[in-house]
Amino acid sequence: MTLKSLQSNLGLSDELLFFLEEIYKNQDGILLLGCPENSELITSFLIEAYPLIKMSRIERFIEDSKNLGLESALNNTQVIVSNDLDCTTIFLSLLEQYSNEADKLKVISKINGILILIPLKKQCGSCSKPTSIPSTSKERFPTMLASSIPSSYLFSRGCEKCGYSSYSNHTFLESFVRINNDIPKNSLLAVNPEEIFNTFRKVGCKVLFESGLDKIKLGITSIEEVIRVTPPLNSAFEKLLSGPSITESISKEKGKGTILIVEDDDDQREILRMVFNKEGYEVLVATNGSEAFNILTQNQISIIVSDIMMPVMNGLELVQKIKNDPNLSKTPVLMLTASSNPDHEVKLLEQGADDYCAKNVKKKVLITRVEKLLRKDNSINKISDFLAD
Ligand SMILES: [Zn+2]
């Protein structure tokens, strides 16, 4: 089991993976972990993740983790089962156990990071459709985040594949902060929770609701599921949410545009989503041509990467529909082909596809092709702007 395979099994975000990798590099420190009570999923996550840290500690860990009452049983993990699941509260509740500043500083210097994990149901990819987010759901989000809520999301109505539950598998909602030299240790001695909250935020700590918004935008889960699992945010912290966290502003800066992935295979779609997300694209996903077309009419999409063989509406039908729509015809489409039949590929281009790429091509090649199409698209725009002047 490697971190990468953990990531794909559980659908961990790239940001969380990076955080865990950083934590694992430093094996002597403490990771403060906050999670809901009786969560078997968290237990199994830890059992799978922790051998990566130190094999010698795993036996003891499995024994103790059965009831999650680990507390100080572990040298390197403190598990705090609490209803106040945010990094600040958990950090302060640990510090409260020590009375003098010297002891507090000693503890602070041992903490590598704080991680909150909450199990979250993943949306069924087979029956999800773009749907407007109901205002009743929006109202249950912190007001300060209202402007970040998208107008539509993928909503599953249930199908045979998911046993009409609308969900399949689990992932986590997360909030985490790395405690390293970016944070002056003295600043963490502050007793005022708001100060600590702001300090964490400055180094990129997102609250659970923000992590939930990321997952809603990626089509991983629904707004209703995020609301169901997320404990209410302390009202004093809620007021401090106005500024975006650092990571959010960074990802906006490096934003390369929005890519729409159309692929019926759940695993393939997830891989493509992660590949392009990592490259700095905002990624929307659809499981067939018809769903893709709905998304296209409601969102500004920079480029489409589409499979050919899909149920409901296949990739060729989708290309035709796009190229016949005056509002969409300029959006570049890159088709993913399974065969390497030249006749087939000529046909693709004839139908209006801008380029094609074999499905099993190296990810780097696929990324380069996408970038090339986007550049071409930009230069065409510039020329037509110039001609219009
Ligand atoms: Zn379903």
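Between residue 137 and residue 376, the distance separating the two model label sites (each 7 Å from Cα on the Cα→Cβ line) works out to 3.7 nm.
Scalar couplings 3J(HN,Hα) for the stretch 313-328, obtained by applying the Karplus form with A = 6.51, B = -1.76, C = 1.60 to θ = phi - 60°, are 9, 7, x, 5, 4, 5, 4, 4, 5, 5, 5, 8, 9, x, 6, 10 Hz; x denotes Gly and Pro. Here the stretch 90-210 was treated as a single set of alpha-carbon atoms; its pair distances binned every 5 Å from 0 give 2, 9, 14, 16, 15, 11, 9, 9, 8, 5, 2, 0 percent. Pairs over the 21 Å Cα-Cα cut-off, from the set 161/359; 122/364; 256/330; 256/364; 239/278; 122/215: 161/359; 122/364; 239/278. Label sites at residue 278 and residue 320, each approximated as a point 7 angstrom past Cα along Cα to Cβ, lie 3.7 nm apart. Among 264, 86, the order by Cβ neighbours within 10 angstrom, fewest to most, reads 264, 86.
If the segment from residue 360 to residue 228 were pulled out straight at 0.36 nm per residue, it would be longer than the present Cα-Cα gap by 43.7 nm.
Distant-in-sequence amide contacts of residue 221, defined by a placed amide H-H separation under 5 Å and a gap of 5 or more residues or a different chain, comprise 123, 216.
Both radii are taken from the alpha-carbon atoms of the stretch 254-388; with Rh as the Kirkwood radius, Rg/Rh is 0.94. With the highest mean first, a sort of the peptides 211-217, 307-313, 200-206 on other beta-carbon atoms found within 10 angstrom per residue produces 211-217, 200-206, 307-313.
Under the convention that each Lys and Arg Cβ holds +1 and each Asp and Glu Cβ holds -1, the size of the dipole of the stretch 109-198 around its Cα centre is about 360 debye.
Taking amide hydrogens as placed 1.01 Å from N in the peptide plane, the amide H of residue 155 sits under 5 Å from those of 129, 131, each at least 5 positions away in sequence or on another chain. Counting neighbouring Cβ atoms within 10 Å and putting the fewest first, the residues 164, 153 line up as 164, 153. Once the C-beta distance of residue 110 and residue 236 is scaled by a Förster radius of 25 Å, the resulting FRET efficiency is 0.35 to the nearest 0.05. The stretch between residue 368 and residue 170, if pulled fully straight at 0.36 nm per residue, gains 68.1 nm over its current Cα-Cα span.
Scan around residue 170 for amide H atoms under 5 Å from its own, H built in the peptide plane at 1.01 Å from N, and keep only partners 5 or more places away or cross-chain. Under 5 Å from the amide H of residue 170 lie the amide H atoms of 122, each far enough along the sequence or on another chain.
Only the coordinates and a few stated rules stand behind these numbers; no lab work does. Please read these numbers as outputs of a predicted model, since none were measured by experiment. Here the Cβ is made from the backbone with ideal geometry for all residues, glycine too, and neighbour counts use every protein chain on show.
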